[in-house]
1. (1) farther than 18 Å from residue 107 by Cβ; (2) not in a loop (DSSP other than H, G, I, E, B): which one isn't true of residue 375, the others all being true?
2. Just give me the residues in the stretch 159-188 being at pLDDT 90 or above and over 17 Å from the mean Cα position of the chain (by Cα), in sequence order.
3. Could you say whether any residue in the stretch 274-293 is farther than 22 Å from residue 226 by Cα and surrounded by 14 or more Cβ atoms within 10 Å (Cβ to Cβ)?
4. Go through the stretch 1-50 and give me each residue that's assigned to a strand (DSSP E or B) and open to solvent by 50 Å² or more (accessible area, probe 1.4 Å).
5. I want to confirm something. Restricting to the stretch 195-214 and keeping residues that are closer than 14 Å to residue 397 by Cα and more than 16 Å from ligand 4 (Cβ to nearest atom), which single residue is modelled with the lowest pLDDT?
6. Can you tell me which residues in the stretch 378-398 are assigned to a loop (DSSP other than H, G, I, E, B) and within 26 Å of residue 271 (Cα to Cα)?
7. Would you please list the contacts, defined by Cβ atoms under 9 Å and residues six or more apart or on different chains, that run from a residue in the stretch 360-373 that is under 13 Å from residue 248 (Cα atoms) to a residue that is within 6 Å of ligand 1 (Cβ to nearest atom) and of a type in the set (Lys, Arg)?
Amino acid sequence: MLSILPTLVCPYCYQSFTPRKMMWRCTGLLGPEGGRCPPERDRALSRRFGMNEALPPVFAGGRLAALNGWQSTARCPRCKDASTQRICPHCHSLLPVHFDKIDSRLIALIGAKGAGKTVYMTVLLHELMHSVGRRFDAAVVGSDDHTRSEFAKRYEETLYREKVLPGTTRPGQAELRRPLVFKVTLDGRGLLRSRDRHTITSFFDTAGEDLISKESVDLNVRYLRGADGIILLLDPLQMRGARESAKPGTRLPQADDKTDNPVNVLTRVTDVLYEAHGRGPNRRIDVPVAVAFSKIDTLWHGFAEGSPLLGEAPADKPVFDQADSLAVHDYVRALLHEWDGTQIDQVMRKNFADYRYFGLSSLGGNPTSDNRVDPRGIHPHRVADPFLWLLSRFDALPSTKG
Ligand SMILES: Nc1nc2c(ncn2[C@@H]2O[C@H](COP(=O)(O)OP(=O)(O)OP(=O)(O)O)[C@@H](O)[C@H]2O)c(=O)[nH]1
Ligand SMILES: [Mg+2]
Ligand SMILES: [Zn+2]
Ligand SMILES: [Zn+2]
């Protein structure tokens, strides 16, 4: 159907809506006529995300909003106070400021149980906020209170201060786990642009166990359907060929019925994506997929000298380096054959129009035997590459020719 107004996708519930369906939350302050709307529990937020705090009521924008989906304030029909707080009509999450005017990109992070997703998301965001951010003159900030406090308390605090590896992400509760939403602002000057460039990125850390059965994969379908880019994290230690060459002392992932090998995971994700996006004759899936192999630190002693995976991506310019990335891509593809992963490459080639291989290490070394961060600290390796590649695919970051 043709529509003049673009469809928006909520970065929290990944459901779509047109701007005229946008809703508002009352300010809860004293209105011009002396009335005040009392806070109450928001059923949508409570049902979807288990958030039970009392908040001012929500209201639809009414006729004015229908005429102009972009209006940035609306008057509460009860207290008549003007509100600027726009919310998603489905889950009632507060939308980022200028949400409909800036690029919004949803990134789903998926992978089997124990592949390293939670550790990766924590380290990636930490790096983006610190060293990688400095290199690109980028400011990366949590877009809402929940993201800011959840990331600091639940993720960063555990790994960086308590130095404990996270427990398994609770499966089957996609409704209750809320994506973390960040605003990435790139300084326009260094990029031959006059204006700063904002991108909203939403990260959803799935539970690996959700990928085990067809039924629980469906739980994640909505997230995969709404995603503009996917980071598929695969654990080489779950592949026979790589297990054999892992650094001595590496704790190998248990092969229980909750853990699955990367080929099966990839096959299931492929099915879900076809389900979500439809399959035409000869049509391949065109969402960009970064296929990233985690825990590369356990294997790099076996890499040939000069392997692009032993070094970091060139960091002198604030651009995505295509040549370096393609060298990694080819190197990983060659490794797949050694690791018994030829099938992965076949599935990718046959079904995906836009994918790239990456190899990374979130920790830079094995955790201790009681699964704590090595006392020498966290030394991430190439963690930003998949994210920067996706930004370059979204035209949010310039890239050099490959
Ligand atoms: N050597 C090494 N081990 C890692 C690295 N990242 C993660 N691990 C190990 O992998 C384990 C699992 O990591 P998680 O991030 O919890 O895995 P997950 O994919 O979130 O797992 P689920 O939540 O169960 O789906 C960690 O407890 C570490 O032991 C890494 O960069 N290097
Ligand atoms: Mg996890
Ligand atoms: Zn009101
Ligand atoms: Zn929503």
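1. Residue 375 satisfies all of (1) farther than 18 Å from residue 107 by Cβ; (2) not in a loop (DSSP other than H, G, I, E, B) except (2).
2. Selection gives 159, 160, 161, 162, 163, 164, 165.
3. There is at least one residue in the stretch 274-293 that is farther than 22 Å from residue 226 by Cα and surrounded by 14 or more Cβ atoms within 10 Å (Cβ to Cβ).
4. Hits for the stretch 1-50 are 16, 40, 41.
5. The residue in question is 195.
6. Residue satisfying the conditions is 394 alone.
7. 366/295
Listed here are the residues, each with its yes/no results for (1) among the hydroxyl-bearing types (Ser, Thr, Tyr); (2) out of contact with any helix residue (DSSP H, G or I) (no Cβ under 9 Å at 6 or more places or on another chain); (3) assigned to a helix (DSSP H, G or I).
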| site | (1), (2), (3) |
| --- | --- |
| 80 | no, yes, no |
| 97 | no, yes, no |
| 106 | no, no, no |
| 114 | no, no, no |
| 119 | no, no, yes |
| 122 | yes, no, yes |
| 139 | no, no, no |
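The values are calculated or read from the model by the stated rules, or taken from the named source; none is laboratory data. These figures come from a predicted structure and were not determined experimentally. Cβ coordinates were reconstructed from backbone atoms using ideal geometry, including for glycine residues, and neighbour counts include every protein chain displayed. Ligands, DNA and RNA are stripped out before the accessible areas are found, and what is left, the full protein with its side chains, is counted by its heavy atoms. Shrake-Rupley method; radii C 1.70, N 1.55, O 1.52, S 1.80 Å.
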